[in-house]
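These notes are about the structure you will find just below.
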Amino acid sequence: MGIDMSKAKEVKLKLLHAASDTPQSLSLSVLDTNTMLEIRKKVMQRLGETSLSQCKLVKRLATGGFQGLADDERLNKRRELLFLGRNLTEDDKPPVSEKKAKPVAEDDKLSASEKKAKPVAEVAAPKSASKVSNIKAKLNPPPRARRAAQPRELELQITHLLEADQQLRMGVSSDFLVRELKELIVAELGHGSPSSIILSSSGDDALRDELPLSSYERQIEGGLLIAGIELIPKKRKPQQVVLKLVHAANAGQSLSLTLDDSCSILQLRQEAMHRLNEKDLKNCKVVKRHGNGYASLPDGESLNGRTELLFLGRDLPSASGTTSNRNSDKELSLQELLKLLEDVYDAVRNETFQKSIERMKTEIRSNPSKARAMIGPIFASACSEPMRKRQLPVSKKGFDDLFARIWELRGRQDIVDSTREIEGLLGVEAGGWFGIDGSN
């Protein structure tokens with residue numbers, strides 16, 4: 001199914017230089033149906049550039065490098081792209097609208113009579129030679145113009161020539177020039193100058209700036225040595241971000257916090273605990289969805305640009321600014337409790353839940369003390385729907401009330417049997433979850 005060009009609309013596109021020491025950008029009007037090749041040509045015309053290879057549109061790879069966007073790829077909904085090549089005209093400076101006037105050739109200054117007076121060989125020979133050389137140049141482009149027919153991603157291991165403990169790994173497309181690789185290294189580290197960098201495979205044979213990396217694939221496989229720059233990233237000053245915690249069991253409850261973008265999950269939990277006047281860190285968990293349940297995020301993990309995360313534990317402020325307490329005083333009858341435990345049993349028996357539990361069983365058996373921390377989010381997820389169906393709050397207080405009610409009726413054999421069945425599915429020993437060991 002083709003694209004309806006009649007529905008194309010004009011949009012503002014901003015280009016950001018991916019490897020400049022100082023911020024460089026360029027804004028231009030394009031159609032949202034334009035291809036990358038069409039946009040590159042527009043940029044080339046806007047900048048007064050004569051070489052299309054100096055106007056690349058790229059994307060950042062997960063490995064840290066860049067890869068060129070396909071020429072036939074369309075802009076669609078994107079309004080900002082990364083650029084590599086020549087310097088960009090900054091948005092606050094007037095664009096280049098005209099090429100510099102060519103110097104008047106000596107022949108053009110001569111009058112018609114003077115041109116006729118010149119020997120034929122003196123005028124015609126250079127023009128003829130020039131045409132031949134131009135044709136040859138088109139048929140046999142110099143080495144710097146040759147690129148790999150099918151670019152592929154290269155995984156580079158770069159080691160400092162004098163400091164072997166300084167290393168850098170990055171991915172880059174094989175059709176990038178050595179000069180462009182140097183620009184990427186500077187962009188990755190946040191300091192240095194591409195012109196001062198020397199890359200080699202042994203310390204002697206420096207890679208030539210004008211050649212594509214595909215020319216050096218054998219050398220690259222063994223790793224590259226670098227000189228002229230320290231492979232130590234420039235420390236960036238942390239920036240303040242607003243992060244929103246949404247309660248995993250009640251989407252109507254949330255909490256917004258202002259933090260450094262470099263903070264860890266543990267620091268986030270501590271800040272939430274402080275804001276909520278909570279005394280126990282265990283009641284402030286940051287989680288992610290895992291199958292039908294949830295898994296806690298590691299305390300040492302960083303935010304990584306995320307601005308919204310799921311929360312489990314105590315209640316968060318509701319949309320009205322208060323803490324939800326709806327139906328918190330409702331007490332279940334014996335029959336209601338038995339039916340709820342039956343629904344929880346069915347939920348835990350679900351194949352997806354069981355796959356999640358199987359992955360944890362080995363660690364739980366080797367360290368039973370971790371059982372509650374690991375299974376808690378899964379159990380909470382299994383209870384959520386049965387509790388909502390009975391208009392019970394899916395919150396810390398709601399779970400506390402549920403466990404308290406089970407404890408009150410611990411002497412009944414039907415309650416003991418129901419809790420044992422659920423504990424068996426959770427992979428814990430009898431009494432290891434609900435605390436009813438038979439002697440109560």
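Please treat every number below as a calculation from the coordinates, not as lab data. Bear in mind the structure is a predicted one, so any value in this text is a computation, not a measurement. Every residue, glycine among them, receives a Cβ derived from its backbone with ideal geometry; neighbour counts consider all protein chains shown.
Annotations for the structure displayed:
- For region 167-246, applying the loop criterion from DSSP together with a ceiling of 11 other beta carbons within 10 Å to the trypsin sites (Lys or Arg not before Pro) yields Lys234, Lys235, Arg236.
- Put a dot 7 Å past the Cα of Ala227, heading toward its Cβ, do the same for Leu266, and the two dots end up 4.3 nm apart.
- Ordering of 258-265, 35-42 by burial proxy (mean other Cβ atoms within 10 Å per residue, highest first): 35-42, 258-265
- Full extension of the chain between Gln157 and Leu37 gives 40.1 nm of extra length, using 0.36 nm per residue less the Cα-Cα distance.
- Lys279 paired with Ala251, simple spin-label distance in nm, labels 7 Å along Cα-to-beta-carbon: 3.5 nm
- Förster radius 25 Å - calculated FRET efficiency between Arg306 and Asp72, Cβ distance, rounded to 0.05: 0.15
- When each of Lys7/Lys77; Lys282/Lys339; Lys14/Lys41; Lys14/Lys77; Lys7/Lys41; Lys59/Lys182 is checked by Cα-Cα distance, pairs over 24 Å: Lys282/Lys339
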